[in-house]
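Structure first, then comments.
The values are calculated or read from the model by the stated rules, or taken from the named source; none is laboratory data. Here the structure is a predicted model, which means the values were calculated and not measured. Note that we place each Cβ from the backbone using ideal geometry, even for glycine, and neighbour counts take in every protein chain shown. Areas reflect the complete protein model, heavy atoms only, side chains present, ligands, DNA and RNA absent. Shrake-Rupley method; radii C 1.70, N 1.55, O 1.52, S 1.80 Å.
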Amino acid sequence: MVLSIQNVTKSFPGADEPVPVLRGIDLALASGETLALTGESGSGKSTLLHLVGGLDSVDGGTIKVDGKDLAQMDDAARAAMRRSDVGVVFQQFNLIPSLTVAANISFQARLSGVVDEARIAELTEALGLTPHIAKFPEALSGGQQQRVAIARTMAAKPKLILADEPTGNLDEATASDVLDQMLGLVADTGAALMIVTHSQIVAARMDRQVHLRQGRLA
Amino acid sequence: MIFASFTALASHWSRNRLQFLALLLGLALATGLWSGVQAINAEARASYDAAAATLGEGQYDQLVTETGDRFAQSTYIALRRAGWQVSPVLEGELRTDQGLVQILGLDALTTPGGLAPVGMDGETDLLEFLTQGVLFANSETALRLDGQVTLAIVVDDNIAPGIAVTDIGAAQRLLDADNQLSRLIVARAQPFGLPSIASVAPDLVRQPAQDAGADRLTDSFHLNLTAFGFLSFAVGIFIVHGTVSLAFEQRRGMVRTLRAVGVPLRTLIGVLIAELVAFALIAGLLGIALGYVMASVLLPNVAATLQGLYGAQVAGSLQLRPEWWLSGMAIAFLGTGLAAAAALWKIAHMPLLESARPRAWAVASGQTAYRLGLAASVLLSIAVAIAIWGQGLVMGFGLLACLLLGAALALPVLLRGAVQLVERHSKSVMWQWFWADTKQQVPGLSLALMALLLATAANVGVSTMVSSFRVTFVDFLDQRLAPELYIRAQDEVQAQALETYLIANAREVLPSLSVETDIAGIPSDLFGVRVGPTYRENWLFLDQSGDVWSDVAAGRAVVVSEQLARRAGLWVDDPVTVAPGIVLPIGAVVADYGNPRGQAVMSETLFKQSFPDIQPMQFGVRSDDPAALSLALREDLGLSDAAIIDQAAIKSFSLDVFERTFTITGALNVLTLAVAAFAILMSLLTLAAMRIPQLAPVWALGLTRRRLGQLEMFRAVVLAFLTTVFAIPLGLLLAWVLLSYVNVEAFGWKLPMYIFPGHYAVLSMFAILAAVLAALWPAWNLAKTPPSLLLKVFANDR
């Protein structure tokens, strides 16, 4: 299993007492598998995704990525895991505004030390970004920026891709287009994909769907 | 990974070149002002030390002729044979192609310890020095001598500038002055039972060692310069802090992304620190170069000031001394560290998932304003507590720091309050928007405005200090140099003849009677004076009781110097024992700047009763035609030129020197205001991009771009004006602390403070002008903003 989640709990500080967000989540994801995580706003979807990405830490339970327990890792080890094993695609793209499209795409691969120029060129072409490689992110449309974010993640060849509402900021046609390309790339590499979404259309295209309700899997 | 992270972070600067420039120039200017002032101080101090070590002036009594002419070597031999421990010195100027060099001939075997050429500490052959002759000079003087003399030249940078030291014999040959000497240095320890100097060398007179007064005055000058340099640095640091904070704030999103894609926090902080080190290094070097240029330009004036005021020799050209360029680099690193510490701390503790917020809004929050106000109140309370209860120099500087920092932190709160007050009274909707918008801009501009506040306050403070110093010193000169002529008699017979002659030919004769004594346990000089119009009209007192001079003349009171009064814990009306059996109340306390010894002034009559053996040998003379009287004295009594001192000329020269001091202060004032203007410019330019979304709706509602530009300009003027209004009282407080607290703690005497409203009006105009110049470009840019850029604010895909 690329991802194994067991009895994970998480709370956030409230006005009077801690507010539980996740109340004992169990989940597993194999290589090449795609999973949609759906639920109401505030159900804990993004929190679970951030915990899996090592961006936040659990209160209880264990999360293992490629067999390694995140709770046993310090900040540097979790950062190393994000560089090489896990790729995160955000709703807000999170590109580096002062780097060109080309530099943004190759950035995570350079960080993890696995730069594959041919692969980067292939990704750039496949996502229709070739005419834009010398531009800065601010000159691109929202859909194009999200493609750059996807290319950046895929170029680092992660084993697990986490996507937080990747099409949430895009119109329907562009969202469908971006999703097609992302799923195609995931299928090519055999990586596992966990996607957080509100959209039933997006969720329907995944191998599996799980629904979060009040911090539990329904 | 480190390189990739560094590249990503550094790419911010290639897209924000203006910010990059602001950061580098801000830090460079801050370092430049600091190291420039330090360079001047270090150069001057090194020159005093070198002069003291080389010439021994001020340390030993000297024997010279009345006229200052050279005398025969046989006089020296006669004194040595009589047992006097004296050492010969020959001085003269050697003309070279590169200018004049002062040759100083010493006798290495008889010179008192510590005065021999400093380089003769082992490496140089004494025999070579004595027989063949070696010239010791600093590198600059050595260059001037190169190829001009046949003697070997040894470079020794401890030698005073413009001077070459050699053996007395070599000096006599070089100066073509065989068997001639300029003066004799008298060793402190002499055998008992020696014949008097007058009997062995009747042509020579003994000049006593100088007191340390000049040192203390120059120390005061340097302390004030250092304080100014420090203030200028503080102004610069506000700029750097502003730009560093803004740069870090703008990169929060990038930092979050970098961490999200796997850059460890430690690596990130390390890369950011490396980036700051690079900045500090580049800006520090740039700043030191700027400081060097500034010091090179100002040093000749400072040298002339110090020489004229205190007789301190300072080289007119600058050397790259390790102590000041190292301190310049240290201050650049310290400044960067101070400016970036808070930003780094924030990044280290920033939750990884927190979204980036524009700085302006973060700072604008009421909580920040409340915290700033609270910190300002605490600091200002501490300042008040120190002013009331604090003692010592460290406390004095603590008071300065709390006062300035507290005032700077209070500024945004005060500005918001002032703008709010105007807003309440504005009727038209446009002006209501303008004032509300101005209030919102205050946080974003606050660091630059704080820099302007400190710069203006520093200028007001230093101008007040220097002008007060000038007024006080002019009064002091009027008081002490009131007699147009000052005449020295050779002996008692001549003194009596001189007094009789002067009483018949001058308006007023003021004999100088004095004796060294201890008053209230303090080493002091007691003077007996002939009270007359000169004393009554010219002496200004720090404090007095009754008709002082009538009481002194009648032998009912004594006037004491401030130093004596403060050290002995006495003041006006306190009784003091001035001579055996004579206890008089203090009638007045008088300033005696720079003299570490106490002074007491009593009537001539009482003095003569107490010390009947002391006869006046020197006379101050009031005359309506000093030139004619001077000529008559030469012709009728055969007095030499050296015996008659034209005090009016000395006064005129001293006043001229003050004009040079003003040149220096003026230059430093302009530089600090330029730094503050730069801070405002950079803040306005960096905020300009954030302004577009705020201004676009107002533009869409019907305000033209030209009008918006005009309003932006007006806003800068209003904020600069308000800042200046707050800066003037702060500057006056600063001057008060420097004059009444720091000076008293450091030197034991207080400089009176004078107010110069005209200066402050001019300075305020300059401060507002600086703000106008800084706002001109951003306002012009705004007026010319393309409509397409404003429209983008409303575009859905952004």
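Points worth noting:
- Magnitude of the charge dipole, segment A:1-115, Cβ model with Lys/Arg +1 and Asp/Glu -1, debye to 20: 400 debye
- Legend: calculated FRET efficiency, B:VAL384 to B:ASP61, from the Cβ-Cβ distance at R0 = 45 Å, rounded to 0.05, equals 0.35.
- Positive end of the dipole of chain A (Cβ unit charges, origin at the Cα centre): among A:THR9, A:ALA103, A:SER43, the Cα lying farthest that way belongs to A:THR9.
- Cα gyration tensor shape of segment A:74-218, rounded if a/c is under 1.5, else prolate or oblate by comparing a/b with b/c: oblate
- When the Cα positions of A:LEU183, A:ALA121, A:GLY61 are compared along the charge dipole of segment A:3-217, A:GLY61 comes out farthest toward the positive end, with charges on each C-beta of Lys, Arg, Asp and Glu.
- Taking both sides together, the accessible area buried where A meets B is about 2100 Å² for a 1.4 Å probe.
- B:VAL293-B:HIS349 FRET efficiency (beta carbon distance; Förster radius 56 Å; 0.05 resolution): 0.85
- 3J(HN,Hα) along segment B:724-740, derived from phi through the Karplus expression 6.51 cos²θ - 1.76 cosθ + 1.60 where θ = phi - 60°, amounts to 5, 4, 6, 6, 5, x, 5, x, 5, 5, 4, 4, 4, 4, 5, 7, 9 Hz, with x in place of Gly and Pro.
- Label-to-label distance, nm, for residues given as B:LEU21 and B:ASN538 (7 Å Cα→Cβ offset): 5.7 nm
- Here segment A:3-217 is assigned +1 on the Cβ of each Lys and Arg and -1 on the Cβ of each Asp and Glu. Its dipole about the Cα centre then comes out at about 260 debye.
- Whole-Hz couplings from phi, Karplus 6.51/-1.76/1.60, listed for segment B:328-338; x for Gly and Pro: x, 5, 4, 6, 5, 5, 4, x, 4, x, 4
- Filter on A:LYS10/A:LYS157; A:LYS64/A:LYS157; A:LYS64/A:LYS159; A:LYS45/A:LYS135; A:LYS45/A:LYS159; A:LYS68/A:LYS159 - keep pairs with C-alpha separation over 24 Å: A:LYS10/A:LYS157; A:LYS45/A:LYS135
- Percent of beta bridges antiparallel (DSSP, chain A, rounded to nearest 5): 50 percent
- Here the Karplus curve 6.51 cos²θ - 1.76 cosθ + 1.60, taken at θ = phi - 60°, turns the phi angles of segment B:27-36 into couplings of 5, 5, 5, 4, 5, x, 5, 5, 6, x Hz, with x standing for Gly and Pro.
- Only Cα pairs under 8 Å and 6+ residues apart enter the sum, and on that basis the relative contact order of segment A:3-217 stands at 32 percent.
- Put simply, the amide H of B:ILE519, placed in the peptide plane, has neighbours under 5 Å in B:SER524, leaving out anything fewer than 5 places away on its chain.
- Probe 1.4 Å, protein heavy atoms only - accessible area per residue of segment A:3-217 in square angstrom: 40 Å²
- GNM remark for chain A: springs join alpha carbons under 10 Å apart, and the peak mean-square fluctuation among A:GLN200, A:GLN92, A:GLN181 falls on A:GLN200.
- B:ARG705-B:GLN391 pseudo-label distance in nm [points 7 Å out on the Cα-to-Cβ vector]: 6.7 nm
- Positive dipole terminus of segment A:3-217, leading residue within A:HIS132, A:PRO166, A:SER112 (C-beta point charges): A:SER112
- Residue separation of B:GLN440 and B:ALA274 scaled by 0.36 nm, minus their Cα-Cα distance, works out to 56.3 nm of gained length.
- Estimated inter-spin distance, B:ALA648 and B:PHE192, nm [label 7 Å along Cα→Cβ]: 5.3 nm
- If R0 equals 51 Å, the separation of the Cβ atoms of B:LEU637 and B:HIS759 corresponds to a calculated FRET efficiency of about 0.60.
- Dividing the summed -39500 (n - 2.57) terms of all DSSP H runs of n ≥ 4 by the residue count of chain A sets its mean residue ellipticity at 222 nm at -10500 deg cm²/dmol.
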